[in-house]
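Take a look at the structure set out below.
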Amino acid sequence: MLGKLSNAVSDLTETLRRIFSSPDTHEVNPAIAAHGTHRIPPLSVQGSAPTYRFDLQTLGSDLSFTGHLCDGEVRMEGKLQHEAAWASWATGAKVLEMEILEQHRSRGLEIPALPRAAQPRHAEIGSFQTRGRPSFDAFLRPGLRSEGLALPAPRSRRDLELALRVPLAVKGQGIKDLPKAQWMRLGLQLVRSTGENIRNLEVLGLYRIPAKGVLTMKHDGRTDRLMLELGKEAMGAERRPFVLARRKDDRSLVSCFLEEG
Amino acid sequence: MADSPRLAYFIAMKEGGSYLGGLLLTDSSGIPLDFRYTEPITPTKLQSVLYGKALEPHLKEEVIQKTLLKELKGSPDLLVLPAAELAGGWGGDLKCPVLAVQKTQEAPLARVGETFRASQREMLLQISEGAAPLRVIFAPFVDLPAQDQAAQKLLEAGYHMDLTEPLERVSAALQALVKPD
């Protein structure tokens, strides 16, 4: 029992000691560690024989060009050349003699004058020998060419049907200027032919058109003309007076040929 | 009917680099009697350069027009050209009078058939009652008596037809030839 108590006391003691004991400290060395220097050994190169090597080998060329001397003849002549100036200059010079250790003897040295004028040298230049070659032939006489400038007569074609297809404009005759008797006769024929009441008709115009061969007909109100498309039958057909009128109630057109006389 | 004047209307036109012409022969009512046209003529570059400004009149008068007139069935009583063709002076040598007809806005002359001579080559002609007179321009070679005779034929034809209208038809026909639908 006492033993357990003493153990408990010692545990408590140890516990209290740990609680109230100072925390652990660690020593840190504040000194900056000096970096050590290292010596890098210099790179060394070690030559080694290559595994392969290239040997030059002279190969014969497949093509050989041979030079040919041109036949231009050049003659070379040797000529003796004489240079007198240098010789005279050399002969006028006196060799300097150094008299060593001879005292009290001095002698002026004469320096030969340079030649006052250079002697011109005359060298004959051989004339070039050339050989003329004919380079151009004489101009040939130019060939004469004749361009047809005349404009030829064109081929003509006949196409009457084409001309007939183009609408023909037929102008109206002045119905307002017709004499009253003629106007009455015109109205009577119009009523008889169309069966319309004259009061319901507005006369648009009186035209002279071919009695046959008219394919299409169109009234141009702006110019008061009839535009006719004709067929071949219209050629030479009799021209007869033709009245064109419009119904007032439904605006439809009525027409009739008039009997002349 | 045999005495009714036959009018020939001629137009030459340029389409691109080519020239072609048409000649329409009508009776006194404007009904076509014959129509001829030429195939297009294309001058070479050398011809264009060497002919210069003379190319177009030469082609129209000497080449195209003469060819068409030669091929025409019968001879016309009057040859009608566009006024612009006569303005430059027409050098043809036709037997029939050559003239141009233009509409005007002049005041009507006193009566149908009356003429007013504006110059040696030009006159106003009253075709129909109350309408503006037509201007008629003659080629230089048409003398005064021939002009008066031509005016009578115009007057006769003008009673039935619009004298300026057939030229429009020739132009339309040529256009239809070069530019078919």
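The values are calculated or read from the model by the stated rules, or taken from the named source; none is laboratory data. What you are looking at is a predicted structure, and each value in this text was computed from that prediction instead of being measured. Cβ placement follows ideal geometry from the backbone for every residue including glycine, while neighbour counts extend to all protein chains displayed. Keep in mind that these areas ignore ligands, DNA and RNA; they rest on the heavy atoms of the full protein, side chains included. Shrake-Rupley method; radii C 1.70, N 1.55, O 1.52, S 1.80 Å.
Amide H contacts for B:Asp34 (H built 1.01 Å from N in the peptide plane; partners 5 or more residues away or on another chain; cut-off under 5 Å): B:Leu25.
Farthest toward the positive end of the dipole of the stretch B:1-130, out of B:Pro32, B:Gly113, B:Gln65, is the Cα of B:Gln65, where the dipole comes from beta carbon charges about the Cα centre.
Which residue fluctuates most in the GNM of chain B (Cα springs below 10 Å): B:Pro145, B:Pro32, B:Pro57? Comparing B:Pro145, B:Pro32, B:Pro57 in a Gaussian network model of chain B, the most mobile one is B:Pro145. Ordering B:Leu20, B:Leu174, B:Pro133 by Cα displacement along the dipole of chain B toward the positive end leaves B:Leu20 in first place; charges were set at the Cβ atoms of Lys, Arg (+1) and Asp, Glu (-1). By a 1.4 Å probe calculation restricted to protein chains, A:Leu12 has an accessible surface near 100 Å², given to the nearest 10.
In chain B, the longest principal axis of the Cα atoms and the axis of helix B:165-178 are about 20 degrees apart. For the residue pairs A:Lys218/A:Lys248; B:Lys60/B:Lys95; B:Lys103/B:Lys153; B:Lys73/B:Lys103; B:Lys14/B:Lys53; A:Lys171/A:Lys232, the C-alpha atoms sit more than 23 angstrom apart in B:Lys73/B:Lys103. Counts of other chain beta carbons within 10 angstrom of each beta carbon in peptide B:126-137 average 1. Translational diffusion of the stretch B:7-178, estimated by Stokes-Einstein from the Kirkwood radius over alpha carbon pairs at 37 °C in a medium of 0.692 mPa s, is 197 µm² per second. Counts of other chain beta carbons within 10 angstrom of each beta carbon in peptide B:26-39 average 6.
Near B:His58: Cβ cut-off under 14 Å, other residues only, Lys/Arg at +1 and Asp/Glu at -1. The net charge is 0.
Show that you can apply the helix-only estimate: for chain B, add -39,500 (n - 2.57) for every DSSP H stretch of four or more residues, divide by all residues, and state [θ] at 222 nm to the nearest 500. Don't skip to the answer; put the middle values down first.
On the way: 5 runs with 47 residues, N = 181.
So the helix-based figure for chain B works out to -7500 deg cm²/dmol.
For the stretch B:43-125, a simple Cβ point-charge model (Lys and Arg +1, Asp and Glu -1, everything else neutral) yields a dipole of about 100 debye relative to the Cα centre.
When Lys and Arg each count +1 and Asp and Glu each count -1, what net charge do the other residues less than 11 Å away from A:Pro167, Cβ to Cβ, add up to?
Values: positive: A:Arg165, A:Lys218, A:Arg225, B:Arg169; negative: A:Asp220, A:Glu229, B:Glu165, B:Glu168.
Local charge sum for A:Pro167: 0.
Computed from backbone phi, the HN-Hα couplings of the stretch B:114-123 come to 6, 10, 10, 8, 8, 7, 4, 10, 9, 8 Hz, rounded to whole numbers (Karplus: 6.51 cos²θ - 1.76 cosθ + 1.60, θ = phi - 60°; Gly and Pro given as x). Just how far, in whole angstrom, is the stretch B:117-143 from the stretch B:43-87 if you go by their alpha carbon centroids? Rounded to whole Å, the Cα centres lie 23 Å apart. Computed from the C-alpha gyration tensor, the three semi-axes of the ellipsoid equivalent to the stretch A:154-199 are 40, 14, 8 Å, from longest to shortest.
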